[in-house]
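Student: This is the structure I have questions about; it appears just below.
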Amino acid sequence: MKFLVYIETDSGDVVASSWEALGAALSLSDDVEAVVIGDKISVVTEEAVERGAKKVYVVEDETRALFDLERHLADVKNALEQCGADAFLASHTNNGRDLAAALGAEKGAGVIADALELGLEGDALKGVRGIYTGNILVDVTVDGSPQIATLRPRAFAPAEKGAGGDAEVVLMDPADVDSPYEVLGVQRAEKGEVSLTEASIIVSGGRGVAKDPELGFDLIRDLAGLLGAAVGASRAAVDAGFISYDHQVGQTGKVVRPDLYIAAGISGAVQHLAGMGSSKIIVAINKDEEAPIFSVANYGIVGDLFQVVPAMSEAVREKLGK
Amino acid sequence: MRYLVCIKQTPDTAELPKISPEEAASGKLSVNLVVNPWDEHAIEAGLQLMETYGGATGAVTVGDEGAIDALRSALAMGCKDATLVEHTDEVDAWGVAELLAGAVKHDGDVNVVLTGQMTVDGNSGAVPVALGRKLGWPVLTGVAKIVDLTDDSITVERVSGQARLTVKAPLPVVVSVIKEIGEPRYPTFINIRKAARVKVPVLTADDLGVEPPAPVIHMSNFRKPPARDAHVKLFEGSPQEAAAALVDALLEEKVL
Ligand SMILES: Cc1cc2nc3c(=O)[nH]c(=O)nc-3n(C[C@H](O)[C@H](O)[C@H](O)COP(=O)(O)OP(=O)(O)OC[C@H]3O[C@@H](n4cnc5c(N)ncnc54)[C@H](O)[C@@H]3O)c2cc1C
Ligand SMILES: Nc1ncnc2c1ncn2[C@@H]1O[C@H](COP(=O)(O)O)[C@@H](O)[C@H]1O
C-alpha cells in the first residue's frame, strides 16, 4: 500500500506530530512518500528524507507560510495525483483535521478521524478511535480513494531520524488557486511556551488556586518551567479568569496525552477527565482525599498545593540539578 | 443578515461514561440528551451577531423527532426560528453535511452558517468543513472572536496551531466556533414558554431535494476502553518529604 503523509509546517517550522504520522505509515508500508507545504522549509524537507520518506513533494512559497485551507488542499490534491497514493495520513491537529475533512468530503472518501491506532486489513486501513469523548472505542474502516486517516497527536511513535536514505525531492509549483482568506494579523504564543497537545509533561491548576490565583499559577508555571512542561487548567480556573482559555484541558478544551499529567487543585470532574484521562502517569495534588481525581491518579499527595507545588519544584531542582 | 446555527442533540457530558457499547452501536441511548455544548457557544455567537449587526438567527438540526427538544432550547435562548431536518437513516459526516447544505439552500437567505467545533458523541469535527465544501463557501474554523461583519465580508480571530490569526473572508461563510466566543446565555422564562408553543417545521431530504450519500465510514467492535489501572500511591509526611518521594517515584517511572 502506498502512503502519502502530510508534513504540516507553520512559518517554516515543522509541526512535530507530523513525524508521528510518518512513523505510522512507515510501520505499515515500505512505500511511503511525504508532502511538505510551507515557506522556508528546506530543513523540514531534509528531515522528512532523513526520517524515511522515499520521495518528498515540496511546495515552497511565500503564500504557503501559514496554513490556508484552499491553497494547501489544492497542493495536496496535486501531490496525490503525482504520487498515486492509496492512503493519505495527517496528524489530527486543527489544520490536519480540516485538510482531511475537505479532501474526504470532496472525494466522497471516508476519514478515520483522530485515530488512536492504525493497521491494515488486506488493502484497507483499519483504525481505532474513540467516540462519545473516548468513552467508547470502535474499529473504523472507510470507503473511497484515497483512504484517509488523521492521527491523534502523541498516540504514535515518530519516524526516527537516520532511518532514511537518498530520497527524491520533487519541487512542485504552488497550485494556482485564489484563496478567499485574507490574513490581517498574526499573534504568536509566548516564546518558549510549550504546546499542550504536543507536551510530554503538563502541570495543570484548578479552582484549588482560588485563595491566591496569581501566586497559585506562578507556582505551577515555575514547576512547569523546570520540567519543560506545558501549563494546563481546568475550566473552573479558566472561567474564573485565573488563566486564558488556550490552557483549558477537557471536554470543551484540549484533549491531551502527555507522559505525565500533574493536576493541582483539580477535583477530577468527568469533563476534565475527558481531556486528560489517557495520560500515561497522572499525579494528583489535592487537599481533599475524597476528590475523584485520586481514583484515576497513579500518584498523589493530599495537601495544600501552595505548599506541595513549590516543594516539588525544590525537589526537582535538587534531584535534577536544575 | 441571516445567521443559521447548526446544532446537534447529544448526551449530557456528565452521562457520557454511562453509555454502554450496545447503546453506542445501536444509537439508542438511555442517557439524557441536550444541545451539544460546543453548539451552545455557536448559538450564543449567532445571537450576538443578531444583536450587534441586526438580522435574524435561526437554528437547524439533522436528527429524529426527539431532536426538536434541542431546537426548543435554541429558541429559548433567543433564536428566532428553528427547523428540524428529520432523517433517521444512517448517515456519516458527509451525509449530515449534505443535508445541512440542503437546508441552507432551502432557507435561501443565509449569510453566515455557525457551527460548533465538534460533537461530544461523534467527535469528528468534520461537518463544518464538509458543509463549507458542499456549499462552495469559505470555512473559518476555531473562531474565538468575530471582529467585524459587513454586507459582504466577515473578519474573525481564529486559532490555527500555536498562532492566533485575524482573518477576513467574503460572505456567505461557514464559521465554527470555540468556547471563547462567549458563554451561552441562560434562556429566559418568557422565551422558554414561547419556545414550548412554537410549531417547529419539519423537513425531509426529499423536501430539500437532496440525497445524502451512503456512509463511507464504518464502525464496528464497539467496546469500553480498558480501565485505567490506577491504584493511587499517596505520599505522606511534610510537603517537602512527600514532594521528594513523589519526584523519586516519577524519576523511577522515567517520566521526568
Ligand atoms: C458541558 C460541560 C463542559 C465542560 N468542559 C470542561 C472542560 O473542558 N474542562 C474542565 O476542566 N471542566 C469542564 N467542565 C466543568 C467540570 O464539570 C468541572 O466543573 C470543572 O472541571 C471543575 O474544575 P476544578 O476541578 O478546578 O474545580 P472544583 O471542582 O471546584 O475543584 C477544586 C479542587 O481543588 C481542591 N482544592 C481547593 N483548595 C486547594 C488547595 N489549597 N490545595 C489543593 N487542593 C485544593 C478541592 O479539594 C477541589 O477538589 C465542563 C462542564 C460541562 C457541563
Ligand atoms: N446532526 C447534526 N445536525 C446539525 N448540526 C450538526 C449535526 N452534526 C454536526 N453538526 C454541526 O457540526 C459541528 C461539528 O460536528 P462533528 O463534525 O460531527 O464533530 C457540530 O458542533 C454542529 O454544529
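Student: Of the residues A:279, A:267, which is outside any helix (DSSP H, G or I), more than 22 Å from residue B:241 (Cα to Cα) and more than 9 Å from ligand 1 (Cβ to nearest atom)?
Tutor: Working: A:267 fails: more than 9 Å from ligand 1 (Cβ to nearest atom).
Result of the check over A:279, A:267: A:279.
Student: Exactly one of (1) within 8 Å of ligand 2 (Cβ to nearest atom); (2) under 22 Å from residue B:169 (Cα atoms) is unmet by residue B:93. Its number?
Tutor: Exception for residue B:93: condition (2).
Student: Here's something else I'd like to know. Mind counting the residues in segment B:107-132 that are over 24 Å from residue A:128 (Cβ atoms), away from ligand 1 (no atom under 16 Å from the Cβ) and touching a residue at least 24 places away in the same chain (Cβ under 8 Å)? Full working, then the answer.
Tutor: Restricting attention to segment B:107-132, the residues satisfying the condition of being over 24 Å from residue A:128 (Cβ atoms) are B:107-116, B:128, B:131-132.
Pick out the ones that are also away from ligand 1 (no atom under 16 Å from the Cβ) and you get B:107-115, B:128, B:131-132.
Filter once more, so that each one left must be touching a residue at least 24 places away in the same chain (Cβ under 8 Å): B:107, B:109-115, B:128, B:131-132.
Total satisfying the criteria: 11.
Student: I would also like to ask the following. Just to be sure, is residue A:302 closer than 20 Å to residue B:247 by Cα and within 9 Å of chain B (Cβ to nearest Cβ)? So that I can check it myself, show each step before the final result.
Tutor: Numbers: closer than 20 Å to residue B:247 by Cα: yes; within 9 Å of chain B (Cβ to nearest Cβ): yes.
Answer is yes for this residue.
Student: Now a separate question. Does segment B:137-145 include one or more residues that are under 27 Å from residue A:271 (Cβ atoms), more than 7 Å from chain A (Cβ to nearest Cβ) and away from ligand 2 (no atom under 16 Å from the Cβ)?
Tutor: yes
Student: Across segment A:138-187, what is the number of residues that are among the aliphatic types (A, V, I, L, M), within 14 Å of chain B (Cβ to nearest Cβ) and either out of contact with any helix residue (DSSP H, G or I) (no Cβ under 7 Å at 6 or more places or on another chain) or open to solvent by 30 Å² or more (accessible area, probe 1.4 Å) (or both)?
Tutor: Matching residues across segment A:138-187 total 9.
Student: Another question, if that's okay. Of all residues in segment B:96-111, count the ones that are within 14 Å of chain A (Cβ to nearest Cβ), open to solvent by less than 10 Å² (accessible area, probe 1.4 Å) and either more than 9 Å from ligand 2 (Cβ to nearest atom) or among the basic types (Lys, Arg) (or both).
Tutor: 1
Student: Now, a different point. Going through segment A:96-110 one residue at a time, which ones are touching a strand residue (DSSP E or B) at 6+ places or on another chain (Cβ under 8 Å) and either open to solvent by 10 Å² or more (accessible area, probe 1.4 Å) or not in a helix (DSSP H, G or I) (or both)?
Tutor: Within segment A:96-110, A:97, A:109, A:110 qualify.
Student: Find the residue count for segment B:202-256, including only residues that are small (Gly, Ala, Ser) and closer than 24 Å to residue A:320 by Cα. Before you say what the answer is, go through the steps one by one.
Tutor: Within segment B:202-256, the subset small (Gly, Ala, Ser) is B:205, B:209, B:214, B:220, B:227, B:230, B:237-238, B:242-245, B:249.
Filter again for closer than 24 Å to residue A:320 by Cα, leaving B:237-238, B:242-245, B:249.
Residues in segment B:202-256 being small (Gly, Ala, Ser) and closer than 24 Å to residue A:320 by Cα: 7 in total.
Student: Which condition breaks for residue B:145 when tested against (1) modelled with pLDDT under 95; (2) among the charged types (D, E, K, R); (3) part of a strand (DSSP E or B)?
Tutor: Answer for residue B:145: the failing condition is (1).
Student: Right, next: When residue A:253 is evaluated against the numbered criteria (1) more than 19 Å from residue A:307 (Cβ to Cβ); (2) away from ligand 1 (no atom under 12 Å from the Cβ); (3) buried (at least 24 other Cβ atoms within 10 Å of the Cβ), which criterion, by number, is the only one it fails?
Tutor: Failing condition for residue A:253: (2).
Student: Test each condition in (1) open to solvent by less than 20 Å² (accessible area, probe 1.4 Å); (2) farther than 18 Å from residue A:191 by Cα for residue A:242 and report the one that comes out false.
Tutor: Among (1) open to solvent by less than 20 Å² (accessible area, probe 1.4 Å); (2) farther than 18 Å from residue A:191 by Cα, the lone unmet condition for residue A:242 is (1).
Student: Quick one: would you say residue B:225 is open to solvent by 40 Å² or more (accessible area, probe 1.4 Å), in a loop (DSSP other than H, G, I, E, B), modelled with pLDDT of 95 or more and within 14 Å of chain A (Cβ to nearest Cβ)? Explain how you work it out, then say what you get.
Tutor: On the way: open to solvent by 40 Å² or more (accessible area, probe 1.4 Å): yes; in a loop (DSSP other than H, G, I, E, B): yes; modelled with pLDDT of 95 or more: yes; within 14 Å of chain A (Cβ to nearest Cβ): yes.
Here the answer is yes, as residue B:225 does meet what is asked.
Student: Next question. Would you please name the residue that is farthest from residue B:217 (Cα to Cα), looking only at residues in segment B:1-28 that are open to solvent by 40 Å² or more (accessible area, probe 1.4 Å) and within 14 Å of ligand 2 (Cβ to nearest atom)?
Tutor: By that ranking, first place goes to B:8.
Student: Can you find even one residue in segment B:51-58 that is within 23 Å of residue B:194 (Cβ to Cβ) and open to solvent by less than 20 Å² (accessible area, probe 1.4 Å)?
Tutor: yes
Student: For segment B:197-209, check the following and say yes or no: at least one residue is part of a loop (DSSP other than H, G, I, E, B), in contact with a strand residue (DSSP E or B) (Cβ under 8 Å, 6 or more places away or on another chain) and open to solvent by less than 30 Å² (accessible area, probe 1.4 Å). Outline the logic, then answer.
Tutor: Going residue by residue through segment B:197-209, those that are part of a loop (DSSP other than H, G, I, E, B) are B:198-201, B:204, B:209.
Restricting the remaining residues to those that are in contact with a strand residue (DSSP E or B) (Cβ under 8 Å, 6 or more places away or on another chain) gives B:198, B:200-201, B:204.
Add one more test, that the residue is open to solvent by less than 30 Å² (accessible area, probe 1.4 Å), and what stays is B:200.
Yes - at least one qualifying residue is present in segment B:197-209.
Student: Right, here's the next one. Which of the residues that make up segment A:251-264 are part of a loop (DSSP other than H, G, I, E, B), more than 16 Å from ligand 2 (Cβ to nearest atom) and within 11 Å of chain B (Cβ to nearest Cβ)?
Tutor: We begin by selecting, within segment A:251-264, every residue part of a loop (DSSP other than H, G, I, E, B); these are A:251-253, A:255-259.
Then drop every residue that is not more than 16 Å from ligand 2 (Cβ to nearest atom), which leaves A:256-259.
Answer for segment A:251-264, where residues must be part of a loop (DSSP other than H, G, I, E, B), more than 16 Å from ligand 2 (Cβ to nearest atom) and within 11 Å of chain B (Cβ to nearest Cβ): A:258, A:259.
The values are calculated or read from the model by the stated rules, or taken from the named source; none is laboratory data. A quick note: this is a predicted structure, and the numbers were derived from the prediction, not measured. Quick reminder, even Gly has a Cβ in these numbers, built from the backbone with ideal geometry, and neighbours come from all protein chains shown. Just so you know, the surface numbers come from the protein's heavy atoms only, side chains and all, with ligands and any DNA or RNA stripped out. Shrake-Rupley method; radii C 1.70, N 1.55, O 1.52, S 1.80 Å.
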